[in-house]
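Read through the structure below, which is laid out as structure tokens, and then see the notes.
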Amino acid sequence: MFNDNERVAVFIDGANLYSASRTLGFDVDYKSLHAFFRNKAYIVRLFYYTAVLETEEYTPLKPLVDWLGYNGYTVVTKPAKEFTDSTGRRRVKGNMDIELAIDMLEMAPHVNHIVLFSGDGDFRRLIEAVQRKGVRVTVVSTIKTQPVLIADELRRQCDQFVDLADIMGEFTRRVVPPREHGPGRDMARDRAEGVSASGRTFTVETVGGPRATPDAPWRGVPDPETP
């Protein structure tokens, strides 16, 4: 996956990874995921993005993202928005694409290789822009589900595609029943787990210790020529 002496930044679309992992039937062990990359390359930053549902209601994902902030991940969040659709149903919307795109463009001069956990085709132009700066891009998603969870244009654009199903054994916390897509999904269970109707997860983040911030993700990164 990586060449010798590459400086790597990892960008995780939290909602997308959650959806992909549950569709494949496993829960992610983020401690093992962190170690997986640390053992293979020099990781400059490991970003995790998620929208935050501002509610007092507890979800199991809140302590997870709190843990991420204290254990080597740079967690980036923003408030989710609630609205009522045309049928009168309450919906929750959270999208972190802009935040992820800005951080990736700002990190590009400081790394040689970027890993993106997402199958969202909206990132194709972002990947193209980063490649023009001389950075290799690996995309992690899956084609081993029905339907596939990566947009064809994103898979074609990246320098390397890694199927999540092929590496999930390196960071599986537990095996779970695969999640359905479409009308058969249990939306009540989704809400209990902190997932919106669109599949977006909502969590709370408390970051501890000095590290990069969302407005300065490069902070603390040594110059490329520094060993």
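Using a simple charge model, +1 on the beta-carbon of Lys and Arg, -1 on the beta-carbon of Asp and Glu, nothing else, what dipole does the range 7-193 show about its Cα centre, in debye to the nearest 20?
Numbers: 27 positive and 26 negative charges, 53 e Å.
Dipole about the Cα centre, nearest 20: 260 debye.
How would you classify the range 7-193 from its alpha-carbon gyration tensor, with a ≥ b ≥ c the square roots of the eigenvalues: rounded for a/c under 1.5, else prolate if a/b is greater than b/c, otherwise oblate?
Rounded, since a/c falls under 1.5.
Sorted by packing (mean other beta-carbon atoms within 10 Å per residue), highest first, where do 83-95, 109-121 land? Show your work: numbers first, answer last.
Numbers: 83-95: 11.5, 109-121: 21.6.
Result, highest mean Cβ count within 10 Å first: 109-121, 83-95.
Given a cut-off of under 8 Å on Cα pairs at least six residues apart, what relative contact order in percent is computed for the range 1-141? Before the final figure, lay out the partial values.
Numbers: 207 pairs, mean separation 42.0, N = 141.
So the answer I get is 30 percent.
Checking the cross-link filter: which lysines have an alpha carbon closer than 16 Å to that of residue 40, excluding same-chain neighbours under 8 positions apart?
Candidates past the 8-residue exclusion: 31.
Compute the distance from the alpha-carbon center of the range 75-103 to that of the range 2-47, in whole Å.
Measuring centre to centre over Cα atoms gives 23 Å.
Only counting other Cβ atoms within 10 Å, I'd like 7, 125 sorted with the fewest neighbours first.
Fewest-to-most ranking of 7, 125: 125, 7.
The numbers here are math on the coordinates, done by the rules we state, and not lab data. None of the values given here were measured: they were computed from a predicted structure. When we count neighbours, we look across all protein chains shown, and the Cβ atoms used for this are built from the backbone with ideal geometry, even at glycine.
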